[in-house]
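Scroll down for the structure; my scribbles are underneath it.
The values are calculated or read from the model by the stated rules, or taken from the named source; none is laboratory data. Quick caveat: nothing in here was measured; it's all calculated off a predicted structure. Here Cβ is always computed from backbone atoms with ideal geometry, including for glycine, and neighbour counts include all displayed protein chains.
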């Protein structure tokens, strides 16, 4: 093993790695107690020589950097103005090149199939007429938008940006898809900021690993946005944010800055004769492309929620007239509905004529009476999720829930079965994190959200993505709103 | 530039300046208090609240203007929108809404000051004196200006930031002089030179005064310096000229002309400060003159808003 400690320094007498407990789960770093996987050997050696003081020192540097930069997110339901640091664990999660190559193929296939599905349901609806999937599945979906059926989106792209959540099942050791996010997936800014901070805190370590870079993401995204606007790439592109009270505001601002485009709020825009303008100090200026981080519901009070103050009256009119592409397209929620998710393998076969490279998690649709019966009988073993939510809100994790919670879910499922799906509990893989309380390395469950960009021909994925980690011992919920943190994710050459 | 961004820069400049000016006043007053007697002390603390324009709010909360109450009110109270902590928080909130338009350095600087102020031990100024807190804010504001100057391009945004800062400074200086002069008239006949020295110190002009006038502290000379001096960066005339330059850079008009009401009012005020003599001003009354300056500031602020931030649609 290659040692990265300065020469002359003795190895720690009782290395942190020696006491690390794999806990019966697939571990991302170790194949057996004390035996690192091949692509993690250098990192394991580094940790074996590291002391708690050293790691705590680095942790402080990193946290200070995040605090000073104001890299925070807002937490809802805790009173106005609560900003929090997104907890960050120092120890990177490493993916080997060969595994990443396979993930890339699988993600590309999935994103293209999801885009085909959206082209179809908002166009000819061939898949429905041929009865490959039930009509009711689409038309009962809360995020299906009749208002945009027949709208021709530029270059046929509905899914410009996708965040596909993957988890590694400890049983098989394989990655499976947990959910698709093709509305306004967030988190990519943490991928970029985590990397910057890591390079500062551990300059030698990253270099010695030949980590594939991620910082081309904003450039790739900008290219896609420009490509939609005509004007020979001189289109006026803006990022539309709900404002500073949104949990992902930092990211909106970050991406606008990295792309060098204007960050606007709804009140900065006006629509006149189906053309969108922004209010500048020298009058109105035309807007050609909008990367919107405002949900469909709030985009246009004339068409969707009338009480929305975040949106722009008339925006959907301008969109339908073809005067302003919205990224992602309106109505994408029908493709990442958790009941529709169960059919994505069908989409891949139907639209692409291929077998899915990445598998789904087994999913029970509560709408189906047979499946519902099974779900209700096994609530204490299953994970139940509402189909249209994101961010880990409104979930039931059966094995760790009390009787009252389970009873409540039994009622809500029966009251509105279309709104719920259930999945077996996946034993998510774990990876070592440093726990300052016990001054030990502890295994914590992780997922992986790669960010995929689609320009109508090619899918570009920044190597790695966001590794979210459930920092509470034993927890399987990685969402930042539910006590999750993140790690830098390295794809090595 | 988006109107909303211009407005945020303008207010960021204003709030940061207000925080600094309040810190200056508090710091200096405290040191005067150390020198003076108990009775004198009470007289000196009440005007501080008047200067910030929050007299009613203060006396709704407190019966008596004790040093501790005044200090806490002006430095920390979240229910006082002019308290230093609130001004810094609002400057930072404005910066946060436009952080993509600021240099990374400037954002981190504002955010750092906000963190330092919001975590400052509230009881320390009362036990160990307010100097460390006031210095934190004063030098925080100076560093903010330095970082802005060293990292921001000289585009429209720069001029809005600058316009906000100098407009606030003009108004604060006018209030400081107005309130002190008023106290003097109400006073027991004998003008207190310490009070005027404190005024000079609060705007960093004491040394400059000594060099310039070679005399004891005369109210008329102090007023002349603070109102009409063309060279001192906290004098009203200096800042009105700076405001005029910023506004004409924004509209692109040449000298001796104007493109909007804000510029016309600023130009008119500038002319008065240029050609009036301090004797004339005293003859007509200092207080009415300072009232006029403050009214002009409010009108100029409203006109900047109307021309650039919230104009009527359909243009």
Mind checking whether some residue in the range B:68-77 is within 14 Å of chain A (Cβ to nearest Cβ) and within 20 Å of the chain's Cα centre (by Cα)?
no
Return yes when residue B:107 is more than 14 Å from every other protein chain (Cβ to nearest Cβ) and either crowded, with 22+ Cβ neighbours inside 10 Å or in a helix (DSSP H, G or I) (or both) and no when it is not.
no
Kindly indicate the residue of the range A:26-36 that is part of a loop (DSSP other than H, G, I, E, B) and modelled with pLDDT of 95 or more and also nearest to residue A:426 (Cα to Cα) among those meeting that condition.
A:26
Can you give me the number of residues within the range B:276-300 that are assigned to a helix (DSSP H, G or I) and either under 19 Å from residue B:221 (Cβ atoms) or in contact with a helix residue (DSSP H, G or I) (Cβ under 7 Å, 6 or more places away or on another chain) (or both)?
17
Boolean, residue B:135 is in a helix (DSSP H, G or I), closer than 24 Å to residue B:197 by Cβ, away from chain A (no Cβ under 14 Å) and at pLDDT 90 or above:
yes
In the range A:393-493, which strands (runs of 3 or more DSSP E) lie fully inside it and hold 3 or more residues that are in contact (Cβ under 8 Å) with a residue 24 or more places away in the chain and farther than 19 Å from residue A:374 by Cα?
A:430-435, A:440-445, A:451-454, A:459-461, A:467-470, A:484-491
Counted residues in the range B:64-98 being in contact with a strand residue (DSSP E or B) (Cβ under 9 Å, 6 or more places away or on another chain) and in a helix (DSSP H, G or I) come to 1
Subset tally (residues that are part of a helix (DSSP H, G or I) and over 27 Å from residue B:296 (Cα atoms)) for the range B:149-175
3
Can you find even one residue in the range A:314-329 that is within 28 Å of residue A:188 (Cα to Cα), within 14 Å of another protein chain (Cβ to nearest Cβ) and modelled with pLDDT of 95 or more?
no
Some residue of the range A:393-414 being in contact with a helix residue (DSSP H, G or I) (Cβ under 8 Å, 6 or more places away or on another chain), within 14 Å of residue A:179 (Cα to Cα) and surrounded by 15 or more Cβ atoms within 10 Å (Cβ to Cβ):
no
Would you confirm whether or not the range A:376-389 contains a residue that is part of a helix (DSSP H, G or I) and either in contact with a strand residue (DSSP E or B) (Cβ under 6 Å, 6 or more places away or on another chain) or under 30 Å from residue A:54 (Cα atoms) (or both)?
no
Answer with yes or no whether residue B:160 is within 24 Å of residue B:297 (Cα to Cα), more than 13 Å from chain A (Cβ to nearest Cβ) and touching a helix residue (DSSP H, G or I) at 6+ places or on another chain (Cβ under 7 Å).
no
Mind checking whether some residue in the range A:241-251 is more than 24 Å from residue A:313 (Cα to Cα), within 14 Å of chain B (Cβ to nearest Cβ) and in a helix (DSSP H, G or I)?
yes
Restricting to the range A:279-291, give me the number of residues that are touching a residue at least 24 places away in the same chain (Cβ under 8 Å), out of contact with any helix residue (DSSP H, G or I) (no Cβ under 7 Å at 6 or more places or on another chain) and either more than 14 Å from chain B (Cβ to nearest Cβ) or outside any loop (DSSP other than H, G, I, E, B) (or both).
3
Residue list for the range A:29-63, restricted to those being under 25 Å from the mean Cα position of the chain (by Cα) and within 20 Å of residue A:197 (Cβ to Cβ)
A:59, A:62, A:63
Can you tell which of A:331, A:311, A:322 is under 25 Å from the mean Cα position of the chain (by Cα), on the phi > 0 side of the Ramachandran plot and in a loop (DSSP other than H, G, I, E, B)?
A:331
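Conditions (1) within 25 Å of residue A:248 (Cα to Cα); (2) in contact with a strand residue (DSSP E or B) (Cβ under 9 Å, 6 or more places away or on another chain), marked per residue:
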site: A:436; (1), (2): no, no
site: A:442; (1), (2): no, yes
site: A:457; (1), (2): no, no
site: A:464; (1), (2): yes, yes
site: A:469; (1), (2): yes, yes
site: A:486; (1), (2): yes, yes
site: A:490; (1), (2): yes, yes
Which condition number in (1) away from chain A (no Cβ under 14 Å); (2) not in a helix (DSSP H, G or I) is the one that residue B:248 fails?
(2)
May I ask you to list the residues in the range A:109-126 that are within 17 Å of residue A:143 (Cβ to Cβ) and either in a helix (DSSP H, G or I) or touching a strand residue (DSSP E or B) at 6+ places or on another chain (Cβ under 7 Å) (or both)?
A:114, A:115, A:117, A:118, A:119, A:120, A:121
Any chance the range A:221-229 includes a residue that's within 14 Å of another protein chain (Cβ to nearest Cβ) and either buried (at least 19 other Cβ atoms within 10 Å of the Cβ) or closer than 30 Å to residue A:100 by Cβ (or both)?
yes
Could you grab me the full set of residues in the range A:170-187 that are surrounded by 19 or more Cβ atoms within 10 Å (Cβ to Cβ) and part of a strand (DSSP E or B)?
A:175, A:177, A:178, A:179, A:180, A:181
Looking at A:254, A:298, A:347, which is the one that is in a helix (DSSP H, G or I) and modelled with pLDDT of 95 or more?
A:347
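Listed here are the residues, each with its yes/no results for (1) in the same structural domain as residue B:204 (by TED's automatic domain parsing); (2) in contact with a strand residue (DSSP E or B) (Cβ under 8 Å, 6 or more places away or on another chain); (3) crowded, with 21+ Cβ neighbours inside 10 Å; (4) closer than 25 Å to residue A:265 by Cα.
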| residue | (1), (2), (3), (4) |
| --- | --- |
| B:103 | no, no, no, yes |
| B:112 | no, no, no, no |
| B:128 | no, no, no, no |
| B:133 | no, no, yes, no |
Which one of B:205, B:174, B:249 is touching a residue at least 40 places away in the same chain (Cβ under 8 Å) and closer than 28 Å to residue B:54 by Cβ?
B:174
For residue A:67, all conditions in the list (1) touching a residue at least 24 places away in the same chain (Cβ under 8 Å); (2) within 14 Å of chain B (Cβ to nearest Cβ) hold save one; what is the number of the exception?
(1)
Do the conditions hold for residue B:153, that is, is it within 14 Å of chain A (Cβ to nearest Cβ) and either surrounded by fewer than 23 Cβ atoms within 10 Å (Cβ to Cβ) or closer than 22 Å to residue B:54 by Cα (or both)?
yes
Would the range A:263-278 turn up any residue that is assigned to a strand (DSSP E or B), within 12 Å of chain B (Cβ to nearest Cβ), within 22 Å of residue A:70 (Cβ to Cβ) and modelled with pLDDT of 95 or more?
yes
